[in-house]
1. Pairs under 6 Å by beta carbon, first residue free of Cβ contacts under 8 Å to residues at least 40 places away in the same chain in the range A:290-307, partner surrounded by 14 or more Cβ atoms within 10 Å (Cβ to Cβ) and in a loop (DSSP other than H, G, I, E, B), six or more apart or different chains?
2. Quickly run through the range B:174-193 and pick out the residues that are under 28 Å from the mean Cα position of the chain (by Cα) and facing chain A (nearest Cβ under 7 Å).
3. Based on what the data block shows, is A:Val471 more than 30 Å from A:Tyr260 (Cα to Cα), away from chain B (no Cβ under 14 Å), in contact (Cβ under 8 Å) with a residue 24 or more places away in the chain and not in a strand (DSSP E or B)?
4. Against the definition (farther than 29 Å from A:Arg486 by Cβ, touching a residue at least 40 places away in the same chain (Cβ under 8 Å), facing chain B (nearest Cβ under 9 Å) and of a type outside the set (Ser, Thr, Tyr)), how does A:Ile451 come out, yes or no?
5. Considering each of B:Ala200, B:Ala218 in turn, give the residue that is within 14 Å of chain A (Cβ to nearest Cβ) and at pLDDT below 90.
6. Of everything in the range A:408-446, what is part of a loop (DSSP other than H, G, I, E, B), of a type outside the set (Val, Ile, Thr) and either in contact with an Asp or Glu (Cβ under 7 Å, 6 or more places away or on another chain) or without any contact (Cβ under 8 Å) to a residue 24 or more places away in the chain (or both)? Give them in sequence order.
7. Within the range A:73-85, how many residues turn out to be free of Cβ contacts under 8 Å to residues at least 60 places away in the same chain and closer than 15 Å to A:Ser17 by Cα?
8. With respect to A:Gln273, determine if the residue is of a type in the set (S, T, N, Q) and surrounded by fewer than 15 Cβ atoms within 10 Å (Cβ to Cβ).
Amino acid sequence: MTTTEPVEETTPAYGVSVEGLRVGLTARPGVDVVDDIDLLLSPGEVVGLVGESGSGKTTVGTAMLGYCRDGAIVENGKVLLGDRDILGLGTNEVRMVRGTEIAYMPQDPASALNPAIRIGRQIVELLELRGIGTAQERDERARAALVEVGLPDDDGFLRRYPHQLSGGQVQRVALAMAFLPRPNVLVLDEPTTGLDVTTQGMVLDSMNQLCRSHQVAALYVTHDLAVIANIADRVAVMYAGRIVEIGPREAIFTDPRHPYTRALLDAIPHLSQARALGGIPGNTPSPGSRPTGCRFRDRCAYAQDRCAEEPPRLIIGDAHVVRCVRAEELPPWDINVGRVPDADPERVREAVLKVDGLDVFYGRKQVVFDVGFEIARAECVALVGESGSGKTTISRCVGGLHKDWTGTIDFDGHPVGHGSRRRSAEDRKRIQYVFQNPYQSLNPRLTVEQIIRRPMELFGVAKGRAARDRVAELLDAVALRPAVARAKTHLLSGGERQRVAIARALAAEPDILVCDEITSALDVSVQGSIVALLEELRQSRGISMLFVTHNLALVRSIAARVQILNAGRIVESGLVARVLDSPQEDYTRTLLANSPRIDVVDR
Amino acid sequence: MSVMTAVSGVGGRVRRGLGQPRLAVGLAITLVVVLVAVVGPWVAPYGEQTIVGRPFTHEGSWLGTDYLGEDVWSRVLHGGRSILVIALLCTLVGMVVGVLIGIIAAYVGGWLDELIMRLNDVALAFPQILLALLVLASVDEPKWWMIVAIVGISHAPRVARLARGVAIGLVGRDFVASAEALGESRTRVLLAEILPNMTAPLLAEAGLRLTYSIGMVAGIGFLGFSTNPSAADWGQMINENRLALLVQPWAVLAPVIMIGIFAIGTNLMADGISRMAATRSDS
């Protein structure tokens with residue numbers, strides 16, 4: 001085990017198998033977080049575990065390391081590593097297994113690195129802890145591990161502190177550390193969430209290569225089906241604590257059988273076609289309030305009376321298992337259902353908002369250079385770019401949240417002021433901003449009604465009874481129950497909060513809605529329903545939108561025009577279909593190539 | 001469904017607060033001391049300045065007599081009201097002034113924030129009691145409102161530091177940006193958007209400041225800067241009777257114990273509030 005040749009390692013002979021795993025809550029006996037989980041990971045295989053928030057996917061991931069978060073407890077089942085059951089091992093034995101035989105890569109690897117220790121030291125420490133090799137051998141292995149993940153191995157790099165690395169580099173250091181002890185099994189819990197597509201692509205590639213070359217069995221836990229479509233051999237779909245469908249990647253993406261899998265796939269936007277996105281009605285039930293029988297039946301379009309009974313596991317094809325009584329009778333699934341024509345380019349455009357020669361500064365630093373675009377009435381224009389491209393900065397200038405800019409922003413024929421305090425009430429009312437993170441944009445001390453009423457009172461749209469009626473109207477328009485009005489926002493889910501934020505923006509009766517990555521903190525099915533809502537508002541109320549996002553596929557389904565930004569400059573712009581189908585610039589092509597997509601799985 | 005079942009509103013918060021043992025115990029102790037101070041004058045066996053026997057003897061009621069031959073127990077019962085009221089007012093003044101300074105500094109930011117906080121640091125460098133003595137020593141006859149003002153103001157820089165720290169975390173939040181974008185007035189952003197989100201840490205701080213206020217007011221009394229030299233005052237009583245600590249300890253210990261119990265009560269309460277806030281932000 002002391003060789004420095006990374007690829008010549010001994011091949012792990014076994015993967016891991018999870019049998020009948022059930023995790024419950026200590027405080028509520030009889031309530032399960034996850035139940036009846038069977039999962040087999042063979043050496044060299046990447047299995048994707050997909051689910052939305054609350055599905056229990058992370059619980060399964062950590063249970064494989066013999067760990068449960070506080071308040072949760074493994075009630076049943078085995079995690080077999082060879083012939084040993086990890087769940088039956090003592091504390092010290094489990095500690096030895098973790099890291100050496102089963103490694104874990106957390107959601108935010110940056111927080112797993114010690115900020116006060118140089119990264120070279122941290123990698124070497126891993127080996128020291130297990131008493132592997134001599135000092136020189138450890139150093140060599142640390143360098144080899146960095147090379148494997150495509151990082152430099154010179155002394156300068158080893159001496160850096162974690163804060164001196166970019167996000168992608170941190171992720172790769174974490175990956176190198178996970179692979180260093182040559183584990184049999186690797187559990188990755190959404191390690192690329194929050195990374196740009198280009199960086200994500202590189203990290204995923206390194207991971208994939210390492211798993212194959214070292215014959216590591218990997219479980220990739222994520223909410224992002226598109227990522228899974230690019231890296232996994234097999235896919236397991238989780239809903240409400242159960243695996244509802246599991247099968248080879250091709251089967252899941254070309255012939256999904258469970259209605260939930262289909263609904264998820266239908267909610268995903270594609271790069272190659274515009275789609276009428278939709279959500280799944282209702283909310284994901286939390287542990288304790290899940291229906292008996294099939295847990296998806298209360299939200300399922302195909303539900304029947306017999307779904308109230310425990311659903312059988314039907315074996316559909318080669319290793320393709322579905323937990324749905326109707327799996328074999330459902331009509332075939334077609335990826336093209338839901339396709340709509342791209343936004344009409346020939347329409348006469350009447351510009352509402354014109355941005356011209358926009359330069360934006362943060363202190364002395366210029367972050368946006370000479371940006372210009374137009375938005376027409378009832379049109380959605382997308383600003384797309386990676387982090388640091390200046391897309392949000394531009395939207396903040398338009399929304400009056402950033403004042404340090406030069407150039408012109410013309411709204412309805414007149415220039416608007418720098419910053420909201422220099423704008424007329426009329427301008428402030430007619431341009432509304434919706435924030436990225438609905439967990440931050442709503443005052444936790446106020447009720448939903450107070451939040452939505454405020455713009456009406458401020459701009460004199462309505463007051464008293466009329467205002468209360470309009471709150472009810474708006475809640476209805478954003479598909480929330482009337483009872484929500486009296487609630488404070490901490491009782492609402494992320495999707496519900498974002499609907500409240502949209503309702504607040506609508507309360508001012510705006511002409512332009514500036515949407516800053518408003519779906520990036522939400523599950524795909526929730527994103528689908530929010531996009532459907534925006535589309536409906538755009539058509540029925542003639543609202544124009546500036547839609548900021550990093551997701552090119554989403555752009556195709558929502559916007560008519562797109563501006564691709566890189567480092568504060570517009571690289572390419574035009575009609576969405578034109579830019580995505582025949583990109584003219586290398587940067588756009590790279591972005592497109594790195595965007596994970598589900599419409600390219602071999603079929 | 002979650003909207004219907006969740007415990008919320010004032011009732012829920014009170015129930016949750018009492019579930020936190022520190023808060024419940026602290027509140028109970030504080031209330032008992034307040035009760036003693038409020039009803040004390042009516043249940044006291046003797047008057048505030050009634051001579052009941054010779055000085056420093058076991059005459060009078062169960063705690064004996066003080067340096068003038070007044071009944072110690074009766075004076076303890078009489079002496080709580082003024083100190084509690086003054087301490088409460090000091091706390092109020094300190095909290096209001098300090099919170100205003102703190103949230104304004106956090107909200108405006110930039111060089112003004114820097115200036116305010118550096119001046120604040122200078123004020124912090126003076127020991128609280130010294131600042132109070134400086135002012136009280138320069139007037140002939142200290143009035144009660146002077147004590148309130150000076151103790152309150154000396155609390156302000158300490159409160160301001162905390163308030164700024166809490167507010168800094170809030171001014172960057174998007175709901176504040178959202179109010180700004182709507183064009184809400186700055187006062188409204190401060191008082192209606194930011195301040196309501198600071199209640200838990202501020203309540204905890206208020207409890208702590210109340211503890212300090214009691215100590216300061218008692219200390220000022222002990223040092224002889226009392227508004228009415230012949231009135232019963234827990235701080236002043238310690239001073240008056242300290243000569244006979246070995247002969248008649250109760251004349252000193254009784255007011256000390258009352259101050260101690262009250263300080264423990266308010267402190268436990270403050271601790272309970274901050275723990276409650278911590279558990280809430282976890283969930």
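1. Partner pairs satisfying both residue conditions: A:Cys294/A:Pro311; A:Arg297/A:Pro291; A:Arg297/A:Ala303; A:Asp298/A:Pro291; A:Arg299/A:Ile280; A:Arg306/A:Val325; A:Cys307/A:Gly293; A:Cys307/A:Cys294.
2. Hit for the range B:174-193 is B:Glu193, nothing else.
3. Criteria met by A:Val471.
4. Numbers: farther than 29 Å from A:Arg486 by Cβ: no; touching a residue at least 40 places away in the same chain (Cβ under 8 Å): yes; facing chain B (nearest Cβ under 9 Å): yes; of a type outside the set (Ser, Thr, Tyr): yes.
Criteria not met by A:Ile451.
5. Working: B:Ala218 fails: within 14 Å of chain A (Cβ to nearest Cβ).
Exactly one of B:Ala200, B:Ala218 is within 14 Å of chain A (Cβ to nearest Cβ) and at pLDDT below 90, namely B:Ala200.
6. Our first condition is that a residue be part of a loop (DSSP other than H, G, I, E, B); within the range A:408-446, this holds for A:412-413, A:416-419, A:423-424, A:435-446.
Next, from what is left, pick out any that are of a type outside the set (Val, Ile, Thr): A:412-413, A:417-419, A:423-424, A:435-446.
Residues satisfying the conditions are A:Gly413, A:Gly417, A:His418, A:Gly419, A:Arg423, A:Ser424, A:Phe435, A:Gln436, A:Asn437, A:Gln440, A:Ser441, A:Asn443.
7. Quick first cut of the range A:73-85, residues free of Cβ contacts under 8 Å to residues at least 60 places away in the same chain only: A:73-77, A:83-85.
Still in the running and closer than 15 Å to A:Ser17 by Cα: A:76-77, A:83-85.
Residues flagged as free of Cβ contacts under 8 Å to residues at least 60 places away in the same chain and closer than 15 Å to A:Ser17 by Cα within the range A:73-85 amount to 5.
8. Numbers: of a type in the set (S, T, N, Q): yes; surrounded by fewer than 15 Cβ atoms within 10 Å (Cβ to Cβ): no.
For A:Gln273, the condition - of a type in the set (S, T, N, Q) and surrounded by fewer than 15 Cβ atoms within 10 Å (Cβ to Cβ) - is not met.
The values are calculated or read from the model by the stated rules, or taken from the named source; none is laboratory data. Fair warning: this is a prediction, and the values are worked out from it, not measured in the lab. When we count neighbours, we look across all protein chains shown, and the Cβ atoms used for this are built from the backbone with ideal geometry, even at glycine.
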